[in-house]
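*Asks:* Pasting a structure below so you can have a look.
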Amino acid sequence: MERVVLVYTTYPSLVEAEKAGRTLVEQRLAACVNILPGMISHYRWEGRLERGEEVVMLIKTRASFADRVRKAVKAEHPNNTPAIMVIPVESVEDTYLRWIMAQTDRSTAPSS
């Protein structure tokens with residue numbers, strides 16, 4: 001069976017993350033997204049040390065969808081340089097793996 005990946009990204013707000021996550025699930029590009037509000041980030045940007053409040057999103061999807069998910073996130077993301085990382089998953093419990101595959105089976109998606 002196909003492998004699973006997590007796509008990690010961050011958003012400036014919960015509203016933006018929820019909108020993006022819902023779209024990914026509606027389009028069957030993701031089986032599930034986990035949105036974790038309340039993250040504090042410290043980073044260097046354009047030569048300055050910055051502190052930001054962000055929202056983390058973990059996107060559960062098929063490995064073969066990783067590039068499409070990355071492109072979809074980047075296309076709608078409010079930041080010019082969004083954090084988007086594809087993380088391979090070592091193993092997944094069998095019934096959960098089948099659920100992810102079923103939820104991302106685009107051949108069963110209702111036509112819009």
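*Asks:* Find the residue count for segment 91-105, including only residues that are in a loop (DSSP other than H, G, I, E, B) and modelled with pLDDT of 95 or more.
*Replies:* Adding up the residues that qualify gives 4.
*Asks:* Taking Arg68, is it open to solvent by 80 Å² or more (accessible area, probe 1.4 Å), free of Cβ contacts under 8 Å to residues at least 40 places away in the same chain, of a type outside the set (A, V, I, L, M) and under 20 Å from Gln103 (Cβ atoms)?
*Replies:* Judged against the criteria, Arg68 is a match.
*Asks:* Tell me which residues, restricted to segment 3-18, are open to solvent by 70 Å² or more (accessible area, probe 1.4 Å) and either closer than 19 Å to Gly52 by Cβ or in a strand (DSSP E or B) (or both).
*Replies:* Leu14, Val15, Glu18
*Asks:* Which condition from (1) of a type outside the set (A, V, I, L, M); (2) within 17 Å of Ala63 (Cα to Cα); (3) part of a strand (DSSP E or B) is the one that Glu50 breaks?
*Replies:* The one condition Glu50 does not meet is (2).
*Asks:* Within segment 28-47, restricting attention to residues that are more than 21 Å from Val89 (Cβ to Cβ) and in a loop (DSSP other than H, G, I, E, B), which residue is most open to solvent (accessible area, probe 1.4 Å)?
*Replies:* Glu46
*Asks:* Are there any pairs, at least 6 apart or on different chains, whose C-beta atoms fall under 6 Å, with the first in segment 92-105 and farther than 9 Å from Val4 by Cβ and the second at pLDDT 95 or above and part of a loop (DSSP other than H, G, I, E, B), and if so, which?
*Replies:* Taking only residues 6 or more apart or on different chains, the pairs are Gln103/Ala31; Thr104/Arg28; Thr104/Ala31.
The values are calculated or read from the model by the stated rules, or taken from the named source; none is laboratory data. Every value quoted in this text rests on a predicted model; they were computed, and no experiment measured them. Cβ: placed from backbone, ideal geometry, glycine included. Neighbour counts: every protein chain shown. All accessible areas refer to the heavy atoms of the entire protein, side chains included, with ligands and DNA or RNA removed. Shrake-Rupley method; radii C 1.70, N 1.55, O 1.52, S 1.80 Å.
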